[in-house]
Each structure stands twice: as C-alpha cells, then as structure tokens.
Amino acid sequence: MATIKKDIRALSKEELRVFFESIGDQAFRGNQVYEWLWSKGAHTFEEMTNLSKETRAHLDAHFVINHIEVDSLQKSNDGTIKNAVKLHDGLIVESVLIPTESRTTACVSSQVGCSLDCKFCATAKLKRMRNLNPDEIYDQVVAIHKESLLYHDRPLSNIVFMGMGEPLMNYKNVLESIEKITSDEGLGMSPKRITLSTSGVPKMIKKLADDAVKFKLAVSLHSAIQEKREQIMPFAKSFTLTDLRESLEYWYAQTKSKITYEYVVWNGINDTQEDIDALVGFCKYVPCKVNLIEYNPIDDGDFQQASQGILDRYIQNLERNRIPVTVRRSRGKDIDAACGQLANKH
Ligand code: SAH
C-alpha cells in the first residue's frame, strides 16, 4: 500500500532541521526549505534550486506541498474582490479584498463553515466542516496581496479575521498563521495591522492576553443585554456577558490594547434607549471604541437594519459619553462579499 505523503508545510522550521539531520544531511537545509515554502512560496520541490537533485527527489518521495487555489474571483463595482478558495481536499472558503482610499484590507476565513450559530449571519447556516490549517490561512493572505498589486497597484496593508468561522475556535492554527504573516521569513507584516474578530469566547480571550499577542482585538457584541444577546447569538448562553466582560478586563490589563466592539442595530431587536444605555454601560468597563456595522441582509428577512435616526441616537449617546464611534458602510454587497454574507453561494 502506498504511504500517504505528509504536507511539508505542517512542519515547523525546527522540525525541518531535525528531519534533515535524521537523513544524515545538515540542519541548515531545514532553514533553506522553510524559506522556499514560506517567503518564496514554492509550489514544487523542483524549484528549490539550492538543494541537490537527490535531496529534492528525497523530499518529493516523502512529502507534498499543499496549496490553496483561487477557484473563482468576483469583482464588485466598488472595487471589492471576493475569492472562492479551493483547499487541497476540495472544500471551499471565501476571502475578500477591500480597497479604500488609504488602505487595502484582506478579510480572511479561519474555518470551513462556522462553529457558532448567530441568527443574522449567512456563514452560520453552513455547518462547521473543519478548521483551516495555518498554511491555508496564510495562502489566502498571499493571494489577496497579489491581487492587490495586480488590480490596485499597491501592496496589502491590513488583515482582518472576519471571514468565515470563529477564529478563537481554531486558536492554535490562527496564531500560527499570524506568526508566519508577521515573521520576516513570511510576509513581515506588522501585527498592529492585523485585527482578530471574535464573537466572544472568554477563555480564549484570556489566553490571547496570556500569550501577549500584539495584534488588535474586535468583539462582535450586537447587544449588551444578556437575554437579547442569547436570542440573536444563542451560544452566548454558555459565554455570558459577565464572563466576556471579565475576560476583556483581563485582556486590557495585560495588553493595554483597546477593544473594538462591532455592533449592528436592527429594528425591534436592539433599537431602544434601554439597548443604548446598556451598550454605553458596557463600554465603560474597558477602553474601547464602537464600530456600528451596516446590516447586510441574508435571505430570510427576520432582521432589518434600523433607520438612520436610531443610528444617530446611538452615535449621540456614545459621543456624549466620550466613547469613540465609527460607522462601517458595507462593501461588496452586490457580490455577497460583505460581512456575514460569505456562504459559498456561487
Ligand atoms: N466569528 C467572528 C468573525 C466573523 S464575522 C465574529 O463573530 O466576530 C465578522 C463580523 O460580521 C462580525 O462582527 C459579525 O457579527 C458580523 N456579521 C455577521 N453577519 C452579518 C450581517 N448579515 N451583516 C452585517 N454584519 C454581520
């Protein structure tokens, strides 16, 4: 029976060094291969020209180099690009390039489907198939970086983990991908330009703080009233606002990094003064800002974006309490590339 070859990109640099020693070669070959795999993006062992023919053949006999493939690419009339990305086992995830005047942002997926059950999100309707590997997350960023150069003539400037999936339910692989994205042997990007968005998994937020990560944290809050949050984000029964608050206080104490709360305002759900007061109250626990996100309708019509009047009321109340607030307009809506619309529809 043929042995199944292992994906060489699952090996750390240290493991590659040990592999070369184990076959009687020199450890530094491990560094060379690591560089080929990550900063040079080699797709075959043949390309690794500073290795001998025998070494390349040996690697080829033992390993594969898995890569994602951009299966289809859709362009919105606002410049947003959505990639459907095929993984080595045929599953598909989506990632998005969002250009603005001052920056180009990659929005990447961390899971195939999602572990959570937010009622307003299209991805939640897909069941979670599996976690993405670090290389699959890294490759989405590389693909968007190339498209940014090709179509917008400038490099990628920011990354947000706001695509499909809950990144803190795939903690280890997400952190490993960020390690590679920020390391000089990878893309050398500053962690300050990376934002991880979570629906709020308290234990994992504390772990981020303990691991002293340098990237930014955003939390999808949507309601600061426990019963209401449970209705729209049922997993919040297990991850309560009290626990979330405590984890965010811990995060801030350790990192001194401000939190962003993402918040959509819907008719009849969180459009009253009581909702506003609860949000203002919650914002006082930890230094933060609020990002009011425009709702992107998914098919079933249970949720409707509240009027500008209600949004203005939110803004006035937050500003009066000196809580910075921004409004995020949707991008790429015409191609289902906006927040919460990623659902492999094509
Ligand atoms: N699981 C993570 C990251 C993915 S979602 C998280 O929940 O943060 C990225 C953002 O889009 C989240 O803030 C999410 O609440 C928001 N979102 C989901 N569905 C949406 C929709 N239909 N319209 C607008 N925003 C939505």
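The values are calculated or read from the model by the stated rules, or taken from the named source; none is laboratory data. It should be emphasised that the depicted structure is a prediction, and the values quoted were computed from it without experimental measurement. Reconstructed Cβ throughout: ideal geometry from the backbone, glycine too, with neighbour counts over all protein chains shown. SASA here: full protein model, heavy atoms, side chains in, ligands and nucleic acids out. Shrake-Rupley method; radii C 1.70, N 1.55, O 1.52, S 1.80 Å.
Within the stretch 290-346, if we keep just the residues that are within 14 Å of H222 (Cα to Cα) and of a type in the set (S, T, Y), the residue that is most open to solvent (accessible area, probe 1.4 Å) turns out to be Y295. Screening Q304 with (1) of a type outside the set (D, E); (2) more than 16 Å from the ligand (Cβ to nearest atom); (3) free of Cβ contacts under 8 Å to residues at least 40 places away in the same chain gives one miss only, at (2). Here S183 meets the list (1) modelled with pLDDT under 95; (2) of a type in the set (S, T, N, Q); (3) farther than 27 Å from G301 by Cβ; (4) buried (at least 19 other Cβ atoms within 10 Å of the Cβ) almost entirely, failing just condition (4).
Within the stretch 159-177, the set of residues being free of Cβ contacts under 8 Å to residues at least 60 places away in the same chain, open to solvent by 20 Å² or more (accessible area, probe 1.4 Å) and either touching a helix residue (DSSP H, G or I) at 6+ places or on another chain (Cβ under 7 Å) or within 16 Å of the ligand (Cβ to nearest atom) (or both) comprises V160, M169, Y171, L175, E176.
Is there a residue in the stretch 83-91 that is modelled with pLDDT of 95 or more, basic (K, R) and touching a strand residue (DSSP E or B) at 6+ places or on another chain (Cβ under 9 Å)? Yes, the conditions are met somewhere in the stretch 83-91.
Which of the residues that make up the stretch 107-155 are more than 15 Å from the ligand (Cβ to nearest atom), in contact (Cβ under 8 Å) with a residue 60 or more places away in the chain and either among the acidic types (D, E) or open to solvent by less than 10 Å² (accessible area, probe 1.4 Å) (or both)? Across the stretch 107-155, the qualifying residues are D135, E136, Y138, D139, I144, E147.
Taking the stretch 1-68 as the region of interest, the helices (runs of 4 or more DSSP H) fully inside it that hold 3 or more residues being among the aliphatic types (A, V, I, L, M) are 53-62.
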